[in-house]
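Visitor: I'd like to ask some things about the structure below.
The values are calculated or read from the model by the stated rules, or taken from the named source; none is laboratory data. Worth saying up front: this structure is predicted, and the values here are computed from it rather than measured. Please note: Cβ atoms are built from the backbone with ideal geometry, for glycine as well, and neighbour counts cover all protein chains shown.
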Amino acid sequence: MNEFILGIESSCDDTSAAVLRGTRVLSNVIASQRVHERYGGVVPELASRAHQQNIIPVVDAAIKDANIDKKQITAIAFTRGPGLLGSLLVGTSFAKAFSLAMDVPMVEVDHMNAHILSHFADDGSGKPVPKFPFLCLTVSGGHTQIVLVKDYFDMEVIGKTIDDAAGEAFDKAAKIMSLPYPGGPVIDKLAAEGNPEAFKFSKPDIKGLDYSFSGLKTSFLYFVRDNLKTNPDFIEQNKADLCASIQKTIIDILMKKLVAASRSTGIRQVAIAGGVSANSGLHKAMEEAAAKHKWQIFIPRLSFSTDNAAMVAIAGYFKYMRGEYASQDLTPYARQSLNKDII
Ligand code: KG4
Ligand code: ZN
């Protein structure tokens, strides 16, 4: 495996570059943008500006960390979408320029596809990779999907959220409690000290394998508001319990449909991917499900869960090997690549 793939990720608020040799990750540099924290969410205009500032130093660092010369790079892979258009444009334009300047092919990658394929990135730990077909619960700030993965680029979404994403549920709950953005990791940390049974929130009753999280957000908001009326210190006094309870509710909702998906497809290899797959409560729930339902589970390491370029480079590597190159006149897309239930 002598192919060196440079991966670029710039779809949201992380500027990342990675170098792979074949499937082996040589470097994975991630510059997270702190500029959004004070706004309680990602400001697209600021995100694209920060990507512009970060992209060259981040790519330089990734090449340096990989201990290679940029002339050795075989192909450049980049996230084409979905994501913030201004942010995607930075990575796409960089890839085009690099491809022209270095005379190497470029490969376009779908962000959600890449989250799933992160399981094939070899981090040197020797952990097993999933075999096809497997199920992947893809949970991020913008998506919540149960994907039937038949092959690297043959994937079918068999369940998805009809409103908010799981990551949004974490982020919105955090906002209600005046916790910093992004809320998921903060809730995860505080939940460790709290009682997950302290408070109960209503769970949605959605048919099939689909999800809904907007009702939970509203019931959490009303619950907190009502309690603040009688006790202005309610959040402060119950922060850990609130975090543990909302986290447990989100995980219960996620796991119920994932178990149903495994039952209906008969597939027992089950993976998780995307930012929310970093959640320690979800890891625990997956381990319990593995014991109970005899699953083989795949949990990405932390740096491959949230947005990163190693996942883009691995997806790019598989596409490069198939000879699927992107053309210079391509433009990024903000929404899911295909409006159908296939990614
Ligand atoms: O995949 P990702 O990094 O970016 C998108 O493609 O959206 O996912 C970001 C989401 C955010 O909603 C963030 O709060 C959530 O992942 N997240 C977590 C954790 N780490 C990140 N949610 C729960 N627990 C975590 N430890
Ligand atoms: Zn993502």
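Visitor: Scanning for something modelled with pLDDT under 95, of a type in the set (A, V, I, L, M) and either surrounded by fewer than 17 Cβ atoms within 10 Å (Cβ to Cβ) or not in a helix (DSSP H, G or I) (or both), does segment 9-24 turn up at least one residue?
Guide: Within segment 9-24, none of the residues are modelled with pLDDT under 95, of a type in the set (A, V, I, L, M) and either surrounded by fewer than 17 Cβ atoms within 10 Å (Cβ to Cβ) or not in a helix (DSSP H, G or I) (or both).
Visitor: Kindly evaluate Arg263 against the criterion of being basic (Lys, Arg), within 22 Å of Ala166 (Cβ to Cβ) and surrounded by fewer than 22 Cβ atoms within 10 Å (Cβ to Cβ).
Guide: On the way: basic (Lys, Arg): yes; within 22 Å of Ala166 (Cβ to Cβ): yes; surrounded by fewer than 22 Cβ atoms within 10 Å (Cβ to Cβ): yes.
So Arg263 fits the description; yes.
Visitor: Let me ask something else about it. Tell me whether segment 205-212 contains one or more residues that are crowded, with 20+ Cβ neighbours inside 10 Å and in contact with a Ser or Thr (Cβ under 7 Å, 6 or more places away or on another chain). I'd like the intermediate steps shown before the answer.
Guide: Step one: of segment 205-212, the residues crowded, with 20+ Cβ neighbours inside 10 Å are 211.
Right, trim to in contact with a Ser or Thr (Cβ under 7 Å, 6 or more places away or on another chain) and you get 211.
Yes, there is a match, as at least one residue in segment 205-212 is crowded, with 20+ Cβ neighbours inside 10 Å and in contact with a Ser or Thr (Cβ under 7 Å, 6 or more places away or on another chain).
Visitor: Which condition from (1) in contact with a strand residue (DSSP E or B) (Cβ under 9 Å, 6 or more places away or on another chain); (2) within 16 Å of ligand 1 (Cβ to nearest atom); (3) at pLDDT below 95; (4) not basic (Lys, Arg) is the one that Gly124 breaks?
Guide: If we test Gly124 against (1) in contact with a strand residue (DSSP E or B) (Cβ under 9 Å, 6 or more places away or on another chain); (2) within 16 Å of ligand 1 (Cβ to nearest atom); (3) at pLDDT below 95; (4) not basic (Lys, Arg), just (2) comes out false.
Visitor: Looking only at segment 102-121, how many residues end up being within 12 Å of ligand 1 (Cβ to nearest atom) and acidic (Asp, Glu)?
Guide: 1
Visitor: Can you tell which of Ala62, Ala77 is more than 20 Å from the chain's Cα centre (by Cα) and in contact (Cβ under 8 Å) with a residue 40 or more places away in the chain? Write out each step before concluding.
Guide: Numbers: Ala77 fails: more than 20 Å from the chain's Cα centre (by Cα).
Criteria check complete, one pass: Ala62.
Visitor: While we're here: Condition (residue is of a type in the set (D, E, K, R) and within 21 Å of the chain's Cα centre (by Cα)) applied to segment 225-237: is it met by at least one residue? Spell out the reasoning first.
Guide: Taking segment 225-237 and keeping what is of a type in the set (D, E, K, R), we get 225-226, 229, 233, 236.
Narrowing the set further to residues that are within 21 Å of the chain's Cα centre (by Cα) leaves none.
No, every residue in segment 225-237 fails to be of a type in the set (D, E, K, R) and within 21 Å of the chain's Cα centre (by Cα).
Visitor: If the Cβ limit is 6 Å and pairs must be 6+ apart or interchain, which residue in segment 1-22 that is without any contact (Cβ under 8 Å) to a residue 60 or more places away in the chain pairs with which residue that is among the aromatic types (Phe, Trp, Tyr) and more than 11 Å from ligand 2 (Cβ to nearest atom)?
Guide: Every condition considered, the pairs that remain are Arg21/Phe4.
Visitor: Count, please, the residues in segment 184-200 that happen to be assigned to a helix (DSSP H, G or I) and either acidic (Asp, Glu) or closer than 13 Å to Ser245 by Cβ (or both).
Guide: Residues of segment 184-200 that are assigned to a helix (DSSP H, G or I), as a first pass: 184-191.
Subset that is either acidic (Asp, Glu) or closer than 13 Å to Ser245 by Cβ (or both): 187-188, 190-191.
Total satisfying the criteria: 4.
Visitor: Taking into account only those residues within segment 29-53 that are within 14 Å of ligand 2 (Cβ to nearest atom) and part of a strand (DSSP E or B), which is surrounded by the most Cβ atoms within 10 Å (Cβ to Cβ)?
Guide: For segment 29-53, the residue satisfying everything is Ile30.
Visitor: Now for a different question. Restricting to segment 60-83, and then to whatever is of a type in the set (Gly, Ala, Ser) and in a strand (DSSP E or B), can you tell me which residue is modelled with the lowest pLDDT? It would help to see each step written out before you state the result.
Guide: First, pick out the residues of segment 60-83 that are of a type in the set (Gly, Ala, Ser): 61-62, 66, 75, 77, 81, 83.
Among the residues that remain, those that are also in a strand (DSSP E or B) are: 75, 77, 81.
Numbers: Ala75: 98, Ala77: 98, Gly81: 95.
Taking the candidates together, the pick is Gly81.
Visitor: Further question: Please name all residue pairs, on different chains or six or more residues apart, with Cβ atoms under 8 Å, provided the first residue is in segment 295-312 and is over 15 Å from Ser16 (Cβ atoms) and the second residue is within 12 Å of ligand 1 (Cβ to nearest atom).
Guide: Ile297/Ile272; Phe298/Ile272; Ile299/Ile272; Ile299/Ser277; Ile299/His283
Visitor: With respect to Gly91, is the statement that it is away from ligand 2 (no atom under 16 Å from the Cβ) and farther than 24 Å from Gly266 by Cα true?
Guide: Details: away from ligand 2 (no atom under 16 Å from the Cβ): no; farther than 24 Å from Gly266 by Cα: yes.
Considered against the rule, which asks whether it is away from ligand 2 (no atom under 16 Å from the Cβ) and farther than 24 Å from Gly266 by Cα, Gly91 comes out as no.
Visitor: Now for a different question. So which residues in segment 85-138 are β-branched (Val, Ile, Thr), within 18 Å of Gly323 (Cα to Cα) and touching a helix residue (DSSP H, G or I) at 6+ places or on another chain (Cβ under 7 Å), if there are any at all?
Guide: At the first step, the residues of segment 85-138 found to be β-branched (Val, Ile, Thr) are 90, 92, 104, 107, 109, 116, 129, 138.
Keeping just the survivors that are within 18 Å of Gly323 (Cα to Cα) gives 104, 107, 109.
Listed by number, the residues that qualify are Val107, Val109.
Visitor: Name the one entry in Leu258, Leu254, Leu302 that is of a type outside the set (Gly, Ala, Ser) and under 14 Å from the mean Cα position of the chain (by Cα).
Guide: That would be Leu302, the only listed residue that is of a type outside the set (Gly, Ala, Ser) and under 14 Å from the mean Cα position of the chain (by Cα).
Visitor: Okay, next question. Spot the failing condition for Asp69; the list is (1) in contact with a Cys (Cβ under 8 Å, 6 or more places away or on another chain); (2) of a type outside the set (Lys, Arg); (3) surrounded by fewer than 21 Cβ atoms within 10 Å (Cβ to Cβ), and only one is missed.
Guide: (1)
Visitor: A further question on this structure: Of (1) within 12 Å of ligand 1 (Cβ to nearest atom); (2) crowded, with 24+ Cβ neighbours inside 10 Å, His283 satisfies all except one. Which?
Guide: Here His283 clears every test but (2).
Visitor: Checking Ala192 against (1) loosely packed, with under 14 Cβ neighbours inside 10 Å; (2) of a type in the set (A, V, I, L, M); (3) over 30 Å from Ile146 (Cβ atoms), which test does it fail?
Guide: Ala192 satisfies all of (1) loosely packed, with under 14 Cβ neighbours inside 10 Å; (2) of a type in the set (A, V, I, L, M); (3) over 30 Å from Ile146 (Cβ atoms) except (3).
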